[in-house]
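> The structure that follows is given in the form of structure tokens.
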Amino acid sequence: MKRSELIDQIPGLRRYARALTGDPWAADDLVQDTLERACAKWRLWTAGTDLRAWLFTLMHNLYASGLRQAQRREGRGVVVYPDDVVAELVAPDSAQDLVLDLQRCLLRLPEEQRVVLLLVSLEDMSYEQVARITGCPIGTVMSRLSRARTRLQALLNASTHSVLPDADAPTHLRRMK
């Protein structure tokens, strides 16, 4: 693996991590962890295969591991119910409304749908690449993508004052320190 090949992938990794986490600091940490893992495990990458897909697989696995760790530490967080903070979830009236609303709506998607939607739409990956990265069949990728697009459209079309119930998403948020 050439250093320049790895460096060329950083913008895509940062873009995906930022969309995935919704937090610039957490995204930079995730990219850093991904690059550290790639450098430590570079011998596991097979020359001639898709470096981009391998790096995104590393990132996906690190992100999933982080979610599992957060769930184990669940008792340490403060439970915040969306209905209690609905005023804070309403986007202000400005030119950046659409961007903020899109980010909020993306973060309200179930994690497995958000991952597939971001990889296909934002990173322009094929279904086969996404299936390899997420470790699920292509049909599941297509199904998750369809559900994610439908749910995202419904969230974006919803009034800024109404909160849509989501059967797939958790009913509460946890503020982690």
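The values are calculated or read from the model by the stated rules, or taken from the named source; none is laboratory data. Everything numeric in this text was worked out from a predicted model, so none of it was measured. Ideal geometry is used to build each Cβ from the backbone, glycine not excepted, and the neighbour counts take in all protein chains shown.
> Looking at (1) among the small types (Gly, Ala, Ser); (2) at pLDDT 85 or above; (3) touching a helix residue (DSSP H, G or I) at 6+ places or on another chain (Cβ under 7 Å), find the lone condition where residue 40 falls short.
Just one mismatch for residue 40, condition (3).
> Determine, yes or no, whether residue 119 is in contact (Cβ under 8 Å) with a residue 40 or more places away in the chain and loosely packed, with under 15 Cβ neighbours inside 10 Å.
Criteria not met by residue 119.
> Limited to the range 118-133, what total is found for residues that are within 15 Å of residue 57 (Cα to Cα) and either assigned to a helix (DSSP H, G or I) or of a type in the set (Ser, Thr, Tyr) (or both)?
Total meeting the criteria: 11.
> Right, here's the next one. Filter the range 22-56 for residues that are surrounded by fewer than 18 Cβ atoms within 10 Å (Cβ to Cβ) and among the polar types (S, T, N, Q) and give the result.
Across the range 22-56, the qualifying residues are 32, 46, 49.
> A further question on this structure: Is it the case, given these coordinates, that residue 154 is at pLDDT below 85, out of contact with any strand residue (DSSP E or B) (no Cβ under 8 Å at 6 or more places or on another chain) and more than 27 Å from residue 35 (Cβ to Cβ)?
no
> I would also like to ask the following. Anything in the range 43-59 that is modelled with pLDDT of 85 or more and aromatic (Phe, Trp, Tyr)? List them, or say none.
54, 56
> Could you check the range 1-35 and list, in sequence order, the residues that are of a type in the set (Asp, Glu) and modelled with pLDDT under 90?
5, 8, 23
> A follow-up question, please. Considering only the range 1-57, state which residues are assigned to a loop (DSSP other than H, G, I, E, B) and touching a residue at least 24 places away in the same chain (Cβ under 8 Å).
1, 9, 22, 45, 47, 50
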